[in-house]
């Protein structure tokens, strides 16, 4: 069974990732992990998160994936021993130092080779396997053919299926260091590849890739035997995490039941692109990416406020949903409710009440508690978004 | 003793370089490098072979056959998978690992499998000196050349030209604001971004525990090569110490919180 692996920038995101269908999450501690701008977890939170995940039969993997400088070595042994003591399921690392230490310290968790190691061939797999690595995250540049070759070595294979792409091979870029002195391989990437480069007497050079989505090849990768599907985005919102995980959960389940049609794929693709405010493509899996896999006009992204509210509860007696507002909405708006235990459905807002049950026309304040008449029951932590697409338009 | 490793970027000057007593030559291997305009077939290489691409298995199969009959003295390579195919060959194995060889413990682990490692030049002088002091074997130190900033599998210059309906140029200079200069070189296997100014680490020349000092002379004018290699003359070369005197920041999150 292919694992669906979600990013968890903090405990709230971890809970939503599991709720919306992730089998496992990955996150970083406050040291030794990339994404230094994510909230990340302190030691106590890591223990709490691991205990919580195990209580619902899910897994946690900890990113220990910086490229170490001499001065960063202090405290690493103790940190790895701590991770072992709280029973994390595995770590994700690229520095040989971390991988060797797990073996030397006789620790129990599994080691997954990070995509930072840019792994593309079975000889490299052999090298890392001999050091104790049991799973590899393929370089995002891996083709289908290469994934198959690696899978045939018998090692567990994890592939990215959705999210932002580096322009570079991961780990092979220090543009950020050069321009800002922020070390990209120690969590400080300033995303210089998203900037415009000036060229004399020519239009600006842009090198930004579109995001990755593997929607057309989900079934294909399942058939290849890929062990884990990874979603990128530890800095993303709960709305993003929940939407992406739910879409892929449903596509994977549909694929396993031979019910994943191109129309359904197209529907989910539109939801995912809208959610990220970016276009996405399968990138390297079936070809060398070209013009269509890059952006050329700077940030072709239009921010949206689709996430309208988080369901706090449902008043069955009065048939009202209780929402925590997230963005502006008003009476007459066409919305959708979605969640892990229901089919997405459309709704037209006909009334809004504030916390004191006074009728209002508009909910304009984020985090305000409001109630909306709704004749279908919903559950806590379901979500309400602006209706942009209707499933029936695609099916 | 030959302790200068010089990348050959110009065929016309090979014999002059061969004539310098302390110089060993490093040749970018045809079809196995990115970021070099001049490459050499395996038969032409009598010094060290450079393979700086990340490789798929079909590439490694070809490389394995090429190396089997090579007369090269050594190989400098980036892809870990190459260790498997060179381990029994009678040549010096040097791991390049751009941006990754940044601490002495990791380097010592890699030295269990290879003869030497090239220390990343994303480091300060003090960091490099500490690595050299604690390394179990002599290492290779970057002392001069264009500093690699990024390696992409994408054909970034071709894609740009196609989209903009321009003639494809596989080498380009670019800038971003605040003024930072880049040199970009593409071939069929990808694109490399380099810092526009040459990295000047000549003050590392007297370090100990060094196998080679590496001069990676990409795009350097021919008349400047010999004065640099023979006498360390860089008077007319636009250069910079880059990170040697400027440490990078680790925990950016702490700054923003």
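No lab work stands behind these numbers, since they all come straight from the coordinates. Bear in mind the structure is a predicted one, so any value in this text is a computation, not a measurement. Don't worry about glycine lacking a Cβ; one is built from the backbone with ideal geometry, like all the others, and counts go over all protein chains shown.
Just a few scattered comments:
- Helix-only [θ]222 nm of chain A, DSSP H runs n ≥ 4, -39500 (n - 2.57) each, per residue, nearest 500: -8000 deg cm²/dmol
- The C-alpha atoms of chain A define a longest principal axis, and helix A:76-85 lies at about 60 degrees to it.
- Between 0 and 90°, nearest 10: helix A:262-276 axis offset from chain A longest Cα axis: 90 degrees
- Helix A:43-55 axis versus longest C-alpha principal axis of chain A: approximately 70°, rounded to the nearest ten.
- Near-label residues of the range A:346-382 by backbone N, under 12 Å of a point 7 Å along Cα→Cβ of residue A:390: A:346-348
- Taking 10 °C and 1.306 mPa s as conditions, chain B diffuses translationally at an estimated 83 µm²/s according to Stokes-Einstein applied to its Kirkwood radius (Cα pairs).
- Pairwise Cα separations in the range A:197-236 fall into 5 Å bins from 0 onward with the following percentages, short to long: 6, 16, 16, 14, 11, 12, 8, 9, 7, 3.
- The calculated FRET efficiency for the pair residue A:74 and residue A:134, based on their C-beta separation and a Förster distance of 22 Å, comes to about 0.20.
- Zero-based 5 Å bins, Cα pair distances in the range A:203-300, whole percents: 2, 12, 22, 22, 21, 13, 5, 2, 1, 0
- Taking every DSSP bridge with both residues inside chain B, close to 40 percent are antiparallel.
- Relative to the globular-protein estimate of 2.2 N^0.38 Å, the Cα radius of gyration of the range B:103-198 stands at 1.40.
- One compactness figure for the range A:307-394 is 0.99, namely its Cα radius of gyration divided by 2.2 N^0.38 Å.
- Estimated FRET transfer efficiency when R0 is 60 angstrom, pair residue B:91-residue A:237 (beta carbons, to 0.05): 0.70
- In this simple spin-label approximation, residue A:305 and residue A:223 carry label points 7 Å from Cα along the Cα→Cβ vector, and these lie 4.6 nm apart.
- Ellipticity estimate at 222 nm from DSSP helix runs (n ≥ 4, -39,500 (n - 2.57)) divided over chain B, nearest 500: -6500 deg cm²/dmol
- Applying 1/(1 + (r/R0)^6) with r as the Cβ-Cβ distance of residue B:235 and residue B:16 and R0 = 22 angstrom yields a FRET efficiency of 0.70.
- DSSP-defined beta bridges in the protein assembly as shown - what % are antiparallel, rounded to 5: 45 percent
- Cα-projected label distance for residue A:316 with residue A:270, points at 7 Å along beta-carbon direction, nm: 3.5 nm
- Part-to-part distance (alpha-carbon centres) for the range B:24-56 and the range A:46-70, which is given in Å: 41 Å
- Remark: spin-label model distance residue A:84-residue A:204 equals 5.0 nm, labels positioned 7 Å along the Cα→Cβ axis.
- Alpha-carbon centroid distance for the pair the range B:105-183 / the range A:186-203, whole angstrom: 17 Å
- Measuring nothing but alpha carbons in chain A and taking Rh as the Kirkwood radius, the Rg to Rh ratio lands at 0.98.
- Set the Cα radius of gyration of the range A:111-185 against 2.2 N^0.38 Å, with N its number of residues, and you get 1.19.
- Pairwise inverse Cα distances across the range A:51-162, averaged and inverted, put the Kirkwood hydrodynamic radius at 14.7 Å.
- The length gained by stretching the chain between residue A:328 and residue A:364 to full extension, at 0.36 nm per residue less their Cα-Cα distance, is 12.5 nm.
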